[in-house]
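Trainee: First the structure, which I've put down as structure tokens, then a few questions once you've had a look.
The values are calculated or read from the model by the stated rules, or taken from the named source; none is laboratory data. Here the structure is a predicted model, which is why all the values come from computation and not from measurement. Using ideal geometry, Cβ is built from the backbone for each residue, glycine included, and neighbour counts are taken over all protein chains shown.
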Amino acid sequence: MTNRGWSNTVLGNYPQAIADYEAALAIDPGSVLALLDRAWTHALMGNPQLGLSDADAALAMAPGRPAALSTRAQILAVLGRTDEALAGFEAAIGMGGGDLVRAYQRRLAARGYNPGPVDGGYGGRTKEALIACIAEACNMLQDP
């Protein structure tokens, strides 16, 4: 159900995606992935506060999961809470390391920000690009 939900999210079928995530959570209430995907879908639907509640619940279940921190940070950016969003992304980077930084660098570059080389290093241009992206609430959760 979670995979079908994500497919519906990507296709913009948000109400069906939410129904899919709710069905997945009825089967497995501890599904962090279903909560995170539902969180982002709520944000895309214009309900970021609902999304933040889901992201907080997922983070409580999986505090060491970089995806939980990233999703929460993205939703904080959508809510205009830029300082908290940056702190969240940086906490995710602290856990996810160079692989996560490379993913962020690729996404930032694809969205027109200049993070410098895709080398897994966080600082300088990558940090400036991330800050600019957060200020504009650009989508850091999906590949373009």
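Trainee: Spot the failing condition for Pro63; the list is (1) outside any helix (DSSP H, G or I); (2) modelled with pLDDT of 95 or more, and only one is missed.
Mentor: If we test Pro63 against (1) outside any helix (DSSP H, G or I); (2) modelled with pLDDT of 95 or more, just (2) comes out false.
Trainee: Something else: What's the total number of residues in region 2-16 that are aliphatic (A, V, I, L, M) and without any contact (Cβ under 8 Å) to a residue 24 or more places away in the chain?
Mentor: Selection size over region 2-16: 1.
Trainee: Here is a follow-up. What's the total number of residues in region 110-127 that are touching a residue at least 12 places away in the same chain (Cβ under 8 Å) and not in a loop (DSSP other than H, G, I, E, B)?
Mentor: 2
Trainee: Separate question: Given Asp20, Asp83, which one is surrounded by fewer than 21 Cβ atoms within 10 Å (Cβ to Cβ), part of a helix (DSSP H, G or I) and modelled with pLDDT of 95 or more?
Mentor: Asp83
Trainee: Would you check which residues across region 54-75 are hydrophobic (A, V, I, L, M, F, W, C), surrounded by fewer than 24 Cβ atoms within 10 Å (Cβ to Cβ) and either in contact with a strand residue (DSSP E or B) (Cβ under 8 Å, 6 or more places away or on another chain) or within 13 Å of Glu90 (Cα to Cα) (or both) and list them?
Mentor: Ala67
Trainee: Name every residue in region 10-44 that is closer than 18 Å to Ala57 by Cβ and polar (S, T, N, Q), in order of residue number.
Mentor: Answer for region 10-44, where residues must be closer than 18 Å to Ala57 by Cβ and polar (S, T, N, Q): Ser31, Thr41.
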